[in-house]
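Just below is one structure, and these are the notes that go with it.
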Amino acid sequence: MALLEVENLSAAFGGVKAVDQVSFRVEPGSIFSVIGPNGAGKTTLFNLVTGIYHADSGEVRLEGRRVNGLKPYELARLGLSRTFQNLQICMNMTALENVMVGAHLRLDRSPLKAMLRLPAIVARDRELRREAAELMAYVGLADQVSAEADALSYGALKRLEIARALAARPKLLFLDEPAAGLNPTETGEIDGLIQKVAESGVTVVLVEHDMKLVMNLSDHILVLDYGRKLAEGTAAEVRRNPDVIAAYLGASA
Amino acid sequence: MRRSRYPGLLALSLFLALLPLALPNAYTYDVVVRILINAILVMGLNLLVGFAGQISLGHAGFVGMGAYSTAVLTTHANWHPLPAMAAGAALAGFLALMVARPIFRLKGQYLTMATLGLGIIIAIVIGNESAWTGGPDGMPVSSLSLVGFELSGEKRWYGFMAVLLVFSLWSCQNLMDSPFGRAVRALHGSEVASQVVGVNVGRYKVAVFVLTAMLASVMGSLTAHYVGFLTPGVAGFFHSIELVTMVVVGGMASLYGSIVGAALLTMLPQLLATLEGWETVAFGAILVFTMIFMPRGLVPTLAARFGRTR
Amino acid sequence: MLSEFLQFLFSGVTVGATYALAALGFTLIYNASHVINFAQGEFIMLGGMLTVAGVSAGLPLPVAIALAIAAAAVVGMLVVRFAIQPAKGADVVSLIIITIGVSLVVRGLTQISLGKGTHSFPAFSGSEPLHVLGATLLPQSLWVLGVTAAVVALLGWFFSRTLTGKAILATAYNRLAAQLVGISTNKVLFLSFALSAALGALGGVLVTPITMTSADVGIMLGLKGFVAAVLGGLGNGLGAVVGGLLVGVAEAMAAGYISSAYKDAVPFVMILFLLFFLPRGLFGARVTERV
Amino acid sequence: MNKRMTLKVLAGFVLVLGTGAALAADPIRIGSVLSVTGPAAFLGDPELKTLQMVVERINKSGGVLGRQLELVHYDDATDAAKANGFGKRLIESDKVDILVGGTTTGSTMSMVPLAEKAGIPFVSLAGGVPIIEPVKKWVFKTPHTDRMAAEKVFEDMKKKGISKVGLLSETSGFGASGKKETEAVAGKYGITLVANETYGPKDSDMTAQLTKIKGAPGIQALFVFGLGQGPAIVTKNVAQLGITLPHYESHGVASDEFLKLAGKASEGVRMPSPALLVADKLAASDPIKKVVVAYAKDYKDRYKDDASTFGGYAHDGLMLAVDAIKRAGTTDKEKVREALEATKGFAATTGVYSMSATDHMGLDLSAFRMLEAKNGDWVFAK
């Protein structure tokens, strides 16, 4: 069974069909990428699937269960996590705390116990800090563990988002343009990181502009144009598809 | 928030233990007790305003509910102050829940408008129901007797409130450094991001709001018993503004800031008391200047200047 | 019965027109800058108090009125220069707190310089009440209503037909875009504050013969004007007027038919109900957050 | 000169030196908490001005017991809870000898426990009955109670055969307390309240309430209990609605300002008032004429504004305190208290005060005069 199934998903904003009858399946353990020219509806598709926007029609199934209309925090309980194209880091917290928030659902959230700082809470807290620090090291931020979030560079914040998403221990991770705005070295590092994440068993869905990155990483690629599915397949298949070539040449050449 | 919180707590405890040496008479004790009460109240409000980023312009309404609950229940129904206090807190919490649930389904600063209205309604009810509350002229309140111990006189109150302040600071720090608190701070930083990691944003906002409302109610009860006399002004719009001002001047999301803010703005009227009229002007000017020159508030700004973070 | 109802209605509409003018001021500034200006009530107070001061200094009434309105507009601009502009980039909450601070300063200074007493000046066209179906209405009420209507019409024309008006609207809609097409959002800010201060002062002048004035009338007027603006959908001019009249009439009806003691609570109960049950209906379209 | 003589002379020197030192360093401190701002500023402002003026005058003429007076005053902004704090400050920190103040009943009541506990004489300027009933050892007051105002009005109504009255009261402390007392004493005069409405202190239109009152069955008169501009608006609204019922106000409008604000509409309004408003019209034989005229003139000269009866309460409070200190010959608190309680036939602006152990106000209904607005002036009502 596919981990994620999307069927005939559509959404319109002010009369513009941002996503139009899109269907696809994401197999567990794979890296799935969504590409397309600017304004093709990639991020909107992400926002629909992750519960930020509501679809007008169509269906989204997670492990066979219909999840349309669920709020993002409900989807999080089902093992779905994501990062954002324009960063959504809590600048009022430290970098480490941002990662710790990611573990929210796995923790005892009782305010009363917290206020009295019962021993169990103290122990769990210590453990959590270590876990979060390890995750930061995992994404390559070992030296930023004690920094405030607003002191981090753009590239570091992108990784921090990934670390936060991983702290939730998701089955399915959506990465929205993780390499946007990064220089080639940083992009290479992100490439390696994504591969490492996928190898650890997390299914990754990716929106990305950087073709090299996508082609290099993806098991399966979905191409969107004007909100519609243009093509689908492996990197090689997509690369050969004349429609895709036309769309990309037409758009960017 | 990573530094250990114990040096600060210890310093505060030491300061509070030594402070009586510098207090010559009952009046100075009185001012300090009022500062301590306000400090706890403002710390609570800061959880909502500074940490969760939700503004309440009617917080004094909850203070008034607590104050009048104990006053009315002990005076008219002969209740013991402690259950009366609990009843007040429960009532405030319930009301906060009823109001917050529909409000937090909406995005944006609707809480500001709702709390503004709620606070004024509570003040009007208190002012009108004079058979119970004594109306605008106010009502006397009996002193507080805890189990076998009469809490009366400024010095006893000072001791009690000093301990309570340190405890409140400790537990507020604990709370904000817990999964609950991090979720609350995260939703202020980014609602979407916190949703995505599983934080039910609406529920957490409601929870903080209810918590601060109950805390405000308890502090209101204590104020009533301490001062021994209550007027509807305790629930009024201006008092709400005063409380928010203390939060803002001291520093949003800074618990020590709340103590400083409460201290400064409680002492201000005492300093300006002989300059009738100028008090309003000074109060307003301080608000404007703080927001312009120290938008983060006194304590965080100074802390940053002296090179420490939070 | 009918005459009673009519009397309540007249009472409500008269008071409501005052709220409407206050609400219009809120709306104007909110549109231009997304500032909720809690000092709006003080502009109304300034209109009345400065006119009184002018008259007692020996100026003829029309001159005093003109000067008072102009002075209020200047105060409005001073507020922008010394309180709003320096706090550039502050969030909504900080701006609310700043305007509250401003209102305290303005009220305090007025109290110190012009005293705490209550004042009034004669109605513009006599105080002989008009009789309508057994109810009575003061000619001054007609002045208030007439001028309010005229102001609404003028503002409508201003925003839809003049370049400056459109610039203000554009700034409200998208500040950055407005800047990019060459609109000076700074000028817009000054203009909107001056305009709403002048409007508030005009309202203050008009109602003084009916309601009298003192240095502290601004608080309640400001709060109720805010309620009216919210009821009418913050940012909607016509809505502000409707909101103001609605609040005024609801208060009068409550005082007449339910309980005069709880009349003052009515606008605030209305705001809670609105937020609970009709938030979208009166607040305009739903906004989608871009992520 | 023998030894004993020498000692006596020495002792005398020491005494003189001692009092001399006291003279220079030790003024008599009068503590006062007034509502100079906020809703009751209408009362507190003239009270403070009066206290400052009278203290200056007394000091210029040599002070009391050879000592200067020093006024220590704080503004409670019409918040009784604040008054409580300032009361503590006056007693504990400023160490005043006597308290004169408390503009509102609320402010006074919040300070009563402090004065009682500290044992310091306290002359209140507020009208509420609870201040002196039951009698509190250390607490006195100068104004008539609001109950007396209601009684005076009802007395007048009874004379005119009025028994069905519509009450319109303000929701301020003054009005609320007035409402309570009015309701309490109505029965005593055979009066039924056929309507009982309220308005807010900042309301700008009361036609709704008045329309309701006008329609009350059998109504014969209107009684308004309020302060400041509210009653003036009510009076204008009464004229607008063409209500011709006899219109009574409380002593809350006892000022010329009311006449100015209400304009022509005030014609015929009746109210109980201290004599201050009609000082020049008092009979020459009236025991308080001299005091009242002098106070009104001094105030006008000093502040270019008409004296109000509320300032008069402050004048009386301070003069009562000074008189008691003079008679006690000391500022010893217990002795001053006893002297205050023993005040007899003391003529002041409000009336002639005669206190006793059971009466800490010392005024009767006769000190209230029924006045009527005629041609923009207050005159004795017939």
Let's test this: bin the Cα-Cα distances of region A:179-237 at 5 Å from zero up to the farthest pair and state each bin's percent. 4, 16, 27, 24, 17, 10, 2
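With every protein chain kept in the model, how would you rank C:224, A:212 by accessible area, 1.4 Å probe, largest at the top?
Working: C:224 5, A:212 165 Å².
Largest accessible area first, the list is A:212, C:224.
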Return the aspartates and glutamates within reach of residue D:49: Cα separation strictly under 19 angstrom, same-chain partners fewer than 8 residues apart disregarded; answer none if there are no such residues. B:276, B:279, D:70, D:75, D:76, D:256, D:257, D:298, D:301, D:305, D:306, D:316
Chain D - mean residue ellipticity at 222 nm from DSSP helices (-39,500 (n - 2.57) per run, n ≥ 4, rounded to 500): -14000 deg cm²/dmol
Beyond 31 Å between alpha-carbons counts as too far, so tell me which of D:180/D:333; D:159/D:214; D:158/D:180; C:224/D:304; D:158/D:212 fall in that bin. D:180/D:333; C:224/D:304
Rounded to whole Hz and in sequence order, give me ³J(HN,Hα) for region B:249-255 from the Karplus expression 6.51 cos²θ - 1.76 cosθ + 1.60, θ = phi - 60°, writing x for Gly and Pro. 5, x, x, 4, 6, 10, 5
Please list, or write none, the lysines whose alpha carbon is within less than 20 Å of the alpha carbon of residue A:42, excluding same-chain residues fewer than 8 places away. A:17, A:71, A:158, A:212, A:229
Other-chain or far-sequence residues with amide H under 5 Å of residue D:103's (modelled H): D:35
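Using helices alone, I'd like the mean residue ellipticity at 222 nm for chain A: each DSSP H run of four-plus residues gives -39500 (n - 2.57), total over residue count, nearest 500.
Using -39500 (n - 2.57) per qualifying helix, the result is -12000 deg cm²/dmol.
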For region D:147-244, taking Cα atoms only, what is the radius of gyration to one decimal and the Dmax to the nearest whole Å? 12.5, 34
Tally up the carbon and sulfur contribution to the accessible surface of the protein assembly as shown as a whole percent, 1.4 Å probe, everything protein left in place. 62 percent
Across the Cα atoms of chain A, what radius of gyration and what greatest pairwise Cα-Cα distance (Dmax) are found, in Å? 18.9, 65
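By per-residue mean of other Cβ atoms within 10 Å, what is the highest-first order of A:141-147, B:163-169, A:102-108? List each step's numbers first, then the result.
Numbers: A:141-147: 16.0, B:163-169: 18.0, A:102-108: 20.4.
Put in order of decreasing packing, that is A:102-108, B:163-169, A:141-147.
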Whole-Hz ³J(HN,Hα) from phi, Karplus 6.51 cos²θ - 1.76 cosθ + 1.60, for region D:43-51, glycine and proline x: 8, x, 4, x, 5, 5, 4, 5, 4
Using amide H atoms built 1.01 Å from N in the peptide plane, name the residues 5+ places from residue A:34, or on other chains, whose amide H lies under 5 Å from its own. A:206, A:207, A:208, A:222
Taking only the Cα positions of chain C, the convex hull volume per residue in Å³ is 143 Å³
Region D:201-240 versus region D:26-66: alpha-carbon centroid distance in Å: 35 Å
Highest GNM mean-square fluctuation, chain C, Cα pairs closer than 10 Å: which of C:12, C:101, C:58? C:58
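Taking each residue in C:204-213, count the Cβ atoms of any other chain within 10 Å of its Cβ, then average. What number comes out?
Numbers: counts 0, 0, 0, 2, 1, 2, 6, 7, 9, 2.
Other-chain Cβ atoms within 10 Å of each residue's Cβ, averaged: 3.
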Peptide D:170-179 - average C-beta neighbours from other chains (10 Å radius): 5
Residue-averaged 222 nm ellipticity for chain C, from DSSP H runs of 4+ at -39500 (n - 2.57), nearest 500: -24000 deg cm²/dmol
Spelling out what I want: for every residue of region B:219-227, take phi, set θ = phi - 60°, compute 6.51 cos²θ - 1.76 cosθ + 1.60 (Karplus), and round to whole Hz; glycine and proline get x. 5, x, 4, 5, 3, 4, 5, 5, 5
Under 5 Å between amide hydrogens, which residues at least 5 positions from residue C:135 or on another chain qualify, with H placed 1.01 Å from N in the peptide plane? none
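The values are calculated or read from the model by the stated rules, or taken from the named source; none is laboratory data. Quick caveat: nothing in here was measured; it's all calculated off a predicted structure. We place every Cβ from the backbone using ideal geometry, glycine too, and count neighbours over all the protein chains shown. These area figures cover heavy atoms from the full protein model, side chains too; ligands, DNA and RNA do not enter into them. Shrake-Rupley method; radii C 1.70, N 1.55, O 1.52, S 1.80 Å.
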